[in-house]
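Every number here is computed from the coordinates shown, using simple stated rules; none is lab data. On a predicted model such as this, the values are computed, not experimentally measured, just so you know. When we count neighbours, we look across all protein chains shown, and the Cβ atoms used for this are built from the backbone with ideal geometry, even at glycine.
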Amino acid sequence: MTWSVERIVSARSSHPSSIVGNGARFREIASISPAGRGAFHWYSSLAIMAVLCLSYLDVPDYLYTLNGVTLPKYFFYAFVAVLTPSLILSSRSLGAYVTSPFVLWGLALIALNLANLGDAVINRDEFRAGLVGTRIQYVLLVLVLGFACSTAPRASFERIFPFLAVMIAASVILDFLVPGVLYPLDTEGATPGRAAATFINANKAGESMLITFLLALPALRPRYRTALFLLVGAAVIVTFSRAAILGWLLLWIYLLVTRGVPRYTLAFPLLAALLSLSLGGFENYLSERKDLAEGLANIEARVAFFRDGVLDDESAFDRADALQHGMEVFRQNPIFGAGAGATLLWSGSGTHNLVVMLAAEYGLMGVGMWLWLVVLLWRGHHFQDRRFQVAMAAFFVFVSMFTHNPFDSLYWLLTFALVAVRRRS
């Protein structure tokens, strides 16, 4: 089949979201028969969407938590296997991809962890060696998945994000209304009364909903954005995650000011005021739920924060202590840190602050890695609408103040790979 210059230019311009190597990838696919090209595009898109669904729903960790048998690595092997055809056909783009900003950041993070891994092996610290080894594997996996996504047109998989945002929100609401359906109430890591769906941890569920909502914005018209935003807001509330609820409110304000959502959403403050007046009724509802009795004190303290603005519950005190300890560790080890995993040795729940965790474990180099990533997200080209690119970068900065898990979470690392993408002009 003969391809004219005009058709080549048209084909290339119809895929503006490819990160690098559009020309190389185009020549590879153009050499395949029309039927083959169609089958390749379908397979590649379906494979990427399947991987994104399983990753953003946290299915690998969810199933392992439930049965203790299905190791997450089995899913990761499957991810690479199903994407292998796409990776092979796009192999000519690999050279450009490995020099892209996000990959350089990922390789620097791997090098930093390799140094820590060597130290752990020398000192025969099996705990640290296992932890650092896992972190290295996660980054390597995401670099591979990021390559597959970078060679596919964004439009071929971006519509999966509205579906994911709805699915996560609906499953979280179901978990709140009918607890025990998605996982046993005594599952390790779960907090009674705080809905978390397949994430088990309510804070992670809140983060994932807001991430998928942001990634869904380009695929939705303004009125549908508003509907999805309200659904996600309702689900975020029943996680009782203070960070997620505050993040949702700040995100709404930002989108309203930048006209990312319609102006009629100005009515939301009135609804919020009415909700605050009915908090007493909401608390009565919670107290009447016998299935929430075990975690009721924790939930009431979180509701009281939004009513009274007071942080005086056990969870808040624990986080303050962990944060202070992490800062002290950094002060004692400012250059190289105390070593990967050090914050988990004295606090099983971690620092709850990514910047402090990186500073305590990796020193100034860890802080530098965080700042580098913020710049990559800010300057990325995933969103054609600059408002959404800024919103994602700002949301990461905000969440970093409340969690230390992003570098250990597949859906967070995948988000970095997607959002930090750079397109050639």
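Computed from the Cβ-Cβ distance with R0 of 56 Å, the FRET efficiency linking Trp42 to Phe336 stands at 0.70. Straightening the chain between Arg159 and Leu140 buys 4.3 nm, computed as 0.36 nm per residue apart minus the Cα-Cα spacing.
Spacing of the modelled spin labels on Phe127 and Tyr254, each 7 Å from Cα toward Cβ, amounts to 3.6 nm. Spacing of the modelled spin labels on Asn67 and Ala316, each 7 Å from Cα toward Cβ, amounts to 4.2 nm.
Computed over the Cα atoms of the range 113-180, the ratio of the radius of gyration to the Kirkwood radius (Rg/Rh) comes to 1.24. Between the beta carbons of Ala111 and Tyr224, assuming R0 = 60 Å, the FRET efficiency works out to 0.90 to the nearest 0.05. Note on Asp175, Asp318: ascending count of other Cβ atoms within 10 Å places them as Asp318, Asp175, the fewest first.
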